[in-house]
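Nothing in this text is a laboratory measurement; each read-out follows from the coordinates by a stated rule. These numbers come from a predicted model, not from an experiment. As a convention, Cβ positions derive from the backbone with ideal geometry for all residues, glycine included, and neighbour counts pool all protein chains shown.
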Amino acid sequence: MRTPLRLAFWSGPRNISTAMMRSWGNRPDVYVCDEPLYASYLQATGIDHPGRNEVLARHEADWRRVVAWLTGPVPEGKAIFYQKHMAHHLLPEIDREWLAGLVHGFLIREPREMLTSLLKTLPNPRLTDTGLPQQLELMRLVQKETGRVPPIVDARDVLQSPRPMLARLCDAVGVTFDDAMLHWPAGRRDTDGVWAKHWYAAVEQSTGFQPYQPKHEAVPAEFHPLHSQCMDYYEELYELRLQV
């Protein structure tokens, strides 16, 4: 294992990214951070998300300072620094050179399930709001620099087989699997972003990964073109995912 291991895990919205953060955060050798580029994203885009003013007041909005923290000493001297990222927060103007100092992983979700959930909170999403173009860009960048495909995990696979999938993921990043990743105490964490009260109600009640429940909701007709675009990105990533 690279010591310390700075593991940047890139997800799109409406995924199991917070549960994955809980999983890693329950290990005694891990320090986690929650969407460290979110305030920078809100400031740069002007998007009015719930709690926007509080996020900007409580979290660092200068991406350069955030990057310095993410690549600096690991808080509390932990061996692993797990960084929960939303891929769409990595805006084009953010420099990419610092990414070479991290180990990267990707969390994807089937686009129909993702979009039908996203539409409940974002009425008119664009392709960039899904994080899929950014995930593919990052994946290709890491592949080019390292000569290998970084670990990609699909949410459905994790929910259907938590232990085997997490063990595969740990192996892929050079970490020994820990059973502590399968269960965690309910409640909020000091490391949660200030936005937790708006988004994390279900996760705060959870004590482990919930069994996969298929969704049968259809994507509205006006978003079929967006769904088709998402599928192009998703399928390329899905073919390269870790499997058990």
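The table below lists the values:
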quantity: Loop-located trypsin sites (Lys or Arg not before Pro) in the range 147-244 whose Cβ has at most 13 other Cβ within 10 Å (DSSP); calculated: R148, R188, K215
quantity: Additional length obtainable on full extension of the chain from H224 to R58, 0.36 nm per residue less Cα span; calculated: 56.0 nm
quantity: Mean projected area in nm² (Cα convex hull; one quarter of hull surface) for the range 143-244; calculated: 9.3
quantity: Net lengthening on full extension, E217/E137 (0.36 nm per residue, minus Cα-Cα); calculated: 25.9 nm
quantity: Placed amide H near E110: partners under 5 Å, 5+ positions off or other chain; calculated: A155, R156
quantity: Convex hull of Cα atoms in the chain, direction-averaged projection (nm²); calculated: 12.4
quantity: Amide H partners (placed H, <5 Å) of S206, local residues excluded; calculated: G187
quantity: Förster radius 30 Å - calculated FRET efficiency between A44 and M231, Cβ distance, rounded to 0.05; calculated: 0.60
